[in-house]
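Just so it is clear, none of the values below were taken in a lab; they were calculated from the coordinates. All of these numbers come straight from a predicted model, not from anything done at the bench. As a convention, Cβ positions derive from the backbone with ideal geometry for all residues, glycine included, and neighbour counts pool all protein chains shown.
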Amino acid sequence: MSGAAFKPQQHLGGANRTAVLHTGDGTRCHRDHWLPRRASLRQGAKEAKGFDKLPHATTFPGVQYSTVILTTYIHRISPYRTEIRTIPSTMEKITDKVAALPPDSNYFSLEFFPPKTAMGFANLRDRLERMARGLRPLFVNVTWGAGGSTAQKSLELAEICQRELGLTTCLHLTCTNMSRRLLDKTLEDAKVLGIRNILALRGDPPRAAEYHDENDPEPTDDEEFSWAADLVRYIKKNHGDYFCIGVAAYPEGHADQSHPREQSLEHDLPYLVEKVQAGADFIMTQLFFDIDAYEHFENTLRGHPSGAFKDVLIIPGLMPIQSYQMIKRTTKLSHAKIPPALMARLDAVKGDDEKVKMEGVAIVSEIIERIKEIKSRTHTPRGFHFYTLNLEKAVAFIAEGTNLIPPGTPEEDESAILPDFPQLMINGSSVPTRSIQGLSTRKGSIGSDPRDRVIVANPRPSHPDYEASPSQAGLLAEPVNTRANTLAISEGEGVLGREATWDDFPNGRWGDARSPAYGQIDGYGVSLHVTVPQALQLWGSPKTTEDINNILIRHLKGELSAIPWSEEGFNAETEAIRDNLIKLNSKGWWSLASQPAVNGLRSSDGTFGWGPHNGFVFQKAFVEFFIPSADWRALEAKLKQPDMKDVVCFYATNAAGDFVSTDTVNFRARMAADADGTTSEADRRPHEPSTNAVTWGVFPGKEILTPTIIEEVSFRAWSEEAFGIWSEWAKIYEKGSDTQKLLEDLKEDLWLVNVIHHDYVERDGLWELLFQ
Ligand SMILES: Cc1cc2nc3c(=O)[nH]c(=O)nc-3n(C[C@H](O)[C@H](O)[C@H](O)COP(=O)(O)OP(=O)(O)OC[C@H]3O[C@@H](n4cnc5c(N)ncnc54)[C@H](O)[C@@H]3O)c2cc1C
């Protein structure tokens, strides 16, 4: 979607919007309920001819088209009684939606980030639709890459949410290190999309001089963007009350280079007051696991002498625990502490991804119950925000188990909800659900009876040996798309559920690029993930390529906690190839990712094991590294030798976007054709990228699990970021300095290459090949 392509008339359609409307309590109602009210609406309408056009394709004199999206809604007074209310034109605003909720009710929002790949986008759309239907969030959030790095993709995702799926959407927007033109355009685009909610953020610390856009209009004194409060003021000044504005807050204090005290709520408070007094309507918090810290935070705000927080919505941010590795990384990036008692619970199951996830469901559910208690003192609706990381299973379990999902309309089949939560079978054993309070779930409605019988509509079959009622046959007695079944699918139940949650355990960066969750733990866009002073302290000011060799080697030796591409330490398995990696980096081939070959070790192995404990794991060796272009030409020639065809494959690209790979039909055919002199014919063959499983596990009673694959699309998505990091790093040095020049020149010259060695039985094969 190009920015200029936003034409209201083109975007006001959308068949999906005609069947249901949001209601004030976050549920949806069918159009029959609001049909009677449309007559009065029509009186003001010039173009309202047909029903289907009414909610979204109508213009009214003197009214912005986006303000007429929802005009009438059903207010649920009790499960049995509803009342039709005409809602103000601003009902897309979060504050209005919350105000319309009964006191002591619960609501929640789901946060999504724009996927890195087109396939991830398509899959996320399905996921969003499922989650909207099954979970009924009051609103959804779409993240924004710091400095506007995901501007186009964020708006695309926001469009899907707001216009296609009819979900109240809150678009995140940062203000530092990006042009004012982009800021203005984004706010205008948001209006065109019907978005009424903006989470106004600072983003990365301001480096205005480095990011200055020559074409940007000169800012006036009051338009400098250094803090989120500046953005709140700017939106208010230019758009009045059009947007409902949210701001971020940090229960454990914000970790920032701008103040000398490490993380301190007390330090942040005056600036939080400033944000609210500048016009913020709600506060959304950083993720946390320390409930005591949250309680202190909420009490401090509510009792603050300024009175600024007396009535403002405070929505706690919670992150479902998707995997052990991921929670370690995200808490590190967000500076949220995990109390030791909670960590011990995760440590106890850390070898088994599924158990970690379910223990995480229990932990977050307990936190929610505590928050409900804390918030019950005010007798106002209780909101929760979930950082979904674009995954659905854990959040579905949590929202259902803690009764956050609002009741549905009479049309929606809720009869399948049962009061007791059955034991969850995972890896052949049940997972304890003792600590999940108040869980309820539906009848298992997906599955099949192994006996061959004819399914008859009559509930009592006359020949039970040959006939079965739909419920006996284990088939759906109701349409597959009831709300309860949709939720079951989100929770991974049955065949449909397994398909929907296929990407639930993405391991590491080399997950599956088809997953909406691919690349999820990199934070908000391309970034060094450390502050400028930290970067200078860690990496100094390199002047030669040897200086960069040293940075990489010191990291490998554990002497340096981070490199620009990773702030993580190494797994224990890296020990097996550490000497090879050091040798590679000494050559000036700078490694970013790698793994040793493994030929069938027990999944319980302390170093290489993963997944359920009763299986076997395998790995192909691979290494990904930056390499100078001259060296790459020589290595490329070697890797393209016909005798390498079945031994290795590689993906390689540079900052200019040139791309070459062995792993395509085209290239393989050309290698063969080169050998027999028929190159031109082979060159005409289509380019068919393939997929390389590099980590897989075989477990009793399960299909082979493949948590890590490497393929062209994921490599390309990552490479853009990897080259972007050279620029981010260069920007922290003075313009024209030796270091900046070195880093920029390297970015232009280097290739990023990933070499995979197929012969996993040959442990040192990859390294012998590279060092020959
Ligand atoms: C719910 C949530 C969603 C987020 N979504 C995104 C996203 O989509 N994209 C993204 O890039 N980032 C996102 N972030 C991260 C956010 O951009 C960073 O945490 C950023 O470092 C701070 O943003 P802020 O809006 O809190 O900044 P500010 O409110 O400006 O605060 C930043 C720091 O500066 C201090 N400060 C504020 N004003 C002043 C002042 N006048 N003088 C001195 N010190 C001051 C504050 O105490 C704080 O330590 C999100 C964070 C949260 C909690």
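Run down the lysines and flag those whose C-alpha is under 30 Å from the C-alpha of residue 587, throwing out any fewer than 8 positions away in its chain.
Result set, ordered by chain and number: 543, 557, 620, 638, 640, 645, 731, 735, 741, 747.
Under 25 Å Cα to Cα from residue 372, which lysines show up? Leave out anything in the same chain fewer than 8 places away.
Qualifying lysines at Cα under 25 Å: 93, 97, 310, 337, 357, 393.
Taking R0 as 30 Å, what FRET efficiency do you get between residue 366 and residue 561 from their Cβ-Cβ distance, rounded to the nearest 0.05?
Using R0 = 30 Å, I get an efficiency of 0.40.
Once amide H atoms are placed 1.01 Å from N in the peptide plane, what residues at a sequence separation of 5 or more from residue 603, or on another chain, have their amide H within under 5 Å of its amide H?
Residues meeting the amide H criterion: 615, 616, 617.
Based only on Cα atoms, what mean projected area does the convex hull of segment 526-771 have, in nm²?
Its average projected convex-hull area is 14.6 nm².
Quick check: the distance between the Cα centres of segment 483-501 and segment 249-306, to the nearest angstrom?
For segment 483-501 versus segment 249-306, the Cα centre distance is 38 Å.
Sorting 329, 136 on the 10 Å Cβ count, fewest up front, what's the list?
In increasing order of surrounding Cβ atoms, one gets 329, 136.
Hey, with R₀ at 51 Å, roughly what FRET efficiency would residue 302 and residue 738 work out to, going by the Cβ-Cβ distance, to 0.05?
0.45
For residue 772 and residue 579 in the same chain, what is the full-extension length gain: residue separation times 0.36 nm, less their Cα-Cα distance, in nm?
Fully extending the segment from residue 772 to residue 579 adds 67.9 nm.
Based on other C-beta atoms within 10 Å, arrange 650, 397 from fewest to most.
Lowest to highest Cβ neighbour count: 650, 397.
Taking every pair of alpha-carbon atoms in segment 92-401, what share in percent sits in each 20 Å bin, from 0 to the bin with the longest distance?
All Cα pairs, binned at 20 Å, distribute as 33, 61, 6 percent.
Compute for segment 691-737: radius of gyration divided by Kirkwood radius, i.e. Rg/Rh, restricted to C-alpha atoms, rounded to two decimals.
1.35
Along Cα→Cβ, 7 Å out, is where each label goes; now give me the distance between the ones at residue 646 and residue 704 in nm to one decimal.
Here the modelled spin labels are 1.7 nm apart.
Nearest 0.05, what FRET efficiency do residue 601 and residue 403 give at R0 = 56 Å with Cβ-Cβ as r?
So, using R0 = 56 Å, E works out to roughly 0.80.
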